[in-house]
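Working notes for the structure below.
The values are calculated or read from the model by the stated rules, or taken from the named source; none is laboratory data. Predicted model, so just to flag it, every value in this text is computed and none were measured. FYI the Cβ positions are ideal-geometry reconstructions off the backbone, even for glycines, and counts take in every protein chain you see. Just so you know, the surface numbers come from the protein's heavy atoms only, side chains and all, with ligands and any DNA or RNA stripped out. Shrake-Rupley method; radii C 1.70, N 1.55, O 1.52, S 1.80 Å.
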Amino acid sequence: MFCEKVIELIRELHRMSDGQLPAFNEDGLRQVLQEMEALYEQNQTDVNEAKSEGRADLIPSIKLRHCCLLRNQRCVTAYCYDRLLRIRSLRWEYGSVLPANVRFHMCAEEVQWFSQYKKSLASFMRSLGGGEGLDLTQDMKPPKSLYIEVRCLKDHGEFEIDDGTVILLKKNSQHFLPRWKCEQLIRQGVLEHVVS
Amino acid sequence: MDTQSYLPLQPGVGMEENFLSLDDILLSHERLPIRTECSFPRLGYLEKSTDAQDIPEGTKMELPLWLSKGLYEKKRRVLSVELPKVYREGWRTVFNADPNVVDLHKMGPYYYGLGSQMLHFDSPENPEIAQTLLQTFIGRFRRNMDSSQNAYNEDTSALVERLDCLEKALFTSGQSGLNGFQSWEKGRASQLTASSLVLNYRKRKMADVPP
C-alpha cells in the first residue's frame, strides 16, 4: 500500500509526545519523495493515455494515486511543522544556546530556522518596555522575592553575578542568588530551587 | 505545575480533521472494509490476494480512511464503505448495555474519532452510530473524570489502559489539574523547577552511554 513510509515518520514524532526532538529522518523523507515522484509519473502516463485514447476507465486509478500524493504531502508538511513547533519550544526551555546533542538532531534548514527565530524573538524583546527591552523568558512564574536560595546539582564552574562577585558553583553547595540570574540554570537542571 | 512550551496541535472536533495534527493523521490511517464499485486498472498489486493487473469491480478489501474519504463520492459510486465490526448492530448492543466494561483501547484506539468520521459515508445506520457514540462517552465519562481527579501519586497505567485516545487526553488534563492544585496547596507552586524536557533529555543521554 502507498503512504506507509510517511506514517513511520509521523509515528516517530508521535511516540515522543513530551516534545523531544528525534533525529531528522532524512532517509525516510527521501523515500517518501521518491514514492511521490513515482506516483506522479504513473499518473502522468495514465492521464496522457486517458486523454489521447479516451480511456475514461483509467480515471479511478488516477484519482487514487492523486489521493496518495495529497496524503503524502499532508504528512510531510505535518512532519516538518511539528518539528518546528518542537524546535521553537527548545528556545524557551534551553535558552538561546542549544546543547550539542540536541542540535545534532536538526537538519541544516532547521538550524537556520532556529537562528532566525532567535533573532526575531530577540529583536521583539528589545523593542518592548519603552526601548529598554524585556526578557520574556524570565519570570515565567510570578516572583515573590528578588533573591532565592539555590543548591547546585552538579559542578558548573565559576558564575558571575551583577555586582561583579564571582562564585563557584560546586556540587551540593548552597547559595543565595538574584532570582533572575539563576532562573535559566534552574530550568536547565544545574541548580535546584530550595523552598523552606 | 508542569508548564510545557511544546503544545502539539489538537485533533479536530467531530467530523472535522485538523490538517496538520499528528493524532488526526494517525486516526485517518485506520483501515476500513470497503467494496469497489468500479474497476481500478493497473493497480492490481495493491490487492495481495490476486495476481491480476487490475482491481476488478466488486472486490472486497481494506483501505485506510483517508483514501476511502478521498475516493468516496455521493453521486458517482466508486466504492462503498462497510461498517467496521465495532460500529455494527451487534457491538452497539454491547456498548449500550454497559459502556464501562468494554476495552476501547483494544477496539480503537480511536473509537470516537473513527466513529465520527464514519458519518462522512452515507449509511442508513448513521443516526444510531452517532447515538451510541454519545451514550458510550456519557456512560464512561463519570468514571473517567472521577479517577483522573482522585488518583494522586499512584500508578495510573491500570486506569488508562482501557481508555480511548480522546478519553486518555481528558484523563491527562485532569491529572495535570490535580497535580497543579496539590502543589499549590503545599505551597510549591512558586518553586522554580527544571524543565521536564531537559530532564527527559538527560535520562536518555544517560541510557545512551555504553557501560
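Number of residues in region B:111-126 that are open to solvent by 30 Å² or more (accessible area, probe 1.4 Å) and closer than 13 Å to B:SER28 by Cβ equals 1. What do you reckon, is A:ARG65 closer than 27 Å to B:GLU30 by Cβ, modelled with pLDDT of 90 or more, open to solvent by 70 Å² or more (accessible area, probe 1.4 Å) and part of a helix (DSSP H, G or I)? Here the answer is no, as A:ARG65 does not meet what is asked. Do you know which of the residues in region B:42-61 that are more than 9 Å from chain A (Cβ to nearest Cβ), touching a strand residue (DSSP E or B) at 6+ places or on another chain (Cβ under 7 Å) and of a type outside the set (A, V, I, L, M, F, W, C) is least open to solvent (accessible area, probe 1.4 Å)? Among those that are more than 9 Å from chain A (Cβ to nearest Cβ), touching a strand residue (DSSP E or B) at 6+ places or on another chain (Cβ under 7 Å) and of a type outside the set (A, V, I, L, M, F, W, C), it is B:GLY44.
Whenever a residue of region A:40-67 is at the interface with chain B (Cβ under 10 Å from one of its Cβ atoms) and under 20 Å from B:LEU67 (Cβ atoms), its partners that are open to solvent by less than 30 Å² (accessible area, probe 1.4 Å) and among the hydroxyl-bearing types (Ser, Thr, Tyr), lying with C-beta atoms within less than 9 angstrom and at least six residues away or across chains, give the pairs A:GLN42/A:SER61; A:ASP46/A:SER61; A:PRO60/B:THR36.
Which one of A:GLU132, A:GLU160, A:GLU149 is within 14 Å of another protein chain (Cβ to nearest Cβ), farther than 24 Å from B:TYR6 by Cβ, without any contact (Cβ under 8 Å) to a residue 60 or more places away in the chain and of a type in the set (Asp, Glu)? Every option except A:GLU149 fails the conditions. Scanning region A:163-180 for residues that are open to solvent by less than 60 Å² (accessible area, probe 1.4 Å), away from chain B (no Cβ under 12 Å) and not in a loop (DSSP other than H, G, I, E, B) yields A:ILE167, A:LEU169, A:HIS175, A:PRO178.
Among the residues making up region B:21-41, those that are open to solvent by less than 40 Å² (accessible area, probe 1.4 Å) and in a loop (DSSP other than H, G, I, E, B) are B:SER21, B:SER28, B:HIS29, B:CYS38, B:PRO41. Of all residues in region A:130-162, exactly one satisfies the criterion of being over 29 Å from A:LYS118 (Cβ atoms), of a type in the set (Lys, Arg) and assigned to a loop (DSSP other than H, G, I, E, B), namely A:LYS144.
Go through region B:62-97 and give me each residue that's out of contact with any Gly (no Cβ under 7 Å at 6 or more places or on another chain) and more than 30 Å from A:ASP57 (Cα to Cα). Passing the criteria: B:LYS85, B:VAL86, B:ARG88, B:GLU89, B:GLY90, B:TRP91, B:ARG92, B:THR93, B:VAL94, B:PHE95, B:ASN96, B:ALA97. Within region A:84-125, which residues are basic (Lys, Arg) and either closer than 21 Å to A:VAL190 by Cα or not assigned by TED's automatic domain parsing to the domain that holds A:PRO22 (or both)? Of everything in region A:84-125, those that are basic (Lys, Arg) and either closer than 21 Å to A:VAL190 by Cα or not assigned by TED's automatic domain parsing to the domain that holds A:PRO22 (or both) turn out to be A:ARG91, A:ARG103.
Scanning region A:1-39 for residues that are among the small types (Gly, Ala, Ser), in a helix (DSSP H, G or I) and within 13 Å of chain B (Cβ to nearest Cβ) gives a single hit, A:ALA38. Taken over region A:84-102, the criterion of being in a helix (DSSP H, G or I) and under 24 Å from A:MET125 (Cα atoms) is satisfied by A:LEU84, A:LEU85, A:ARG86, A:ILE87, A:ARG88, A:SER89, A:LEU90, A:ARG91, A:TRP92, A:GLU93, A:TYR94.
Return the total of residues in region A:118-135 being within 25 Å of B:THR193 (Cβ to Cβ), open to solvent by less than 60 Å² (accessible area, probe 1.4 Å) and out of contact with any Leu (no Cβ under 7 Å at 6 or more places or on another chain). Working first, answer last.
So the first thing to find is which residues in region A:118-135 are within 25 Å of B:THR193 (Cβ to Cβ), and the list is A:118, A:121, A:125, A:134-135.
In the following step, the residues that additionally are open to solvent by less than 60 Å² (accessible area, probe 1.4 Å) were identified as A:121, A:125.
Now narrow it down to the ones that are out of contact with any Leu (no Cβ under 7 Å at 6 or more places or on another chain): A:121.
Counting residues in region A:118-135 that are within 25 Å of B:THR193 (Cβ to Cβ), open to solvent by less than 60 Å² (accessible area, probe 1.4 Å) and out of contact with any Leu (no Cβ under 7 Å at 6 or more places or on another chain) gives 1.
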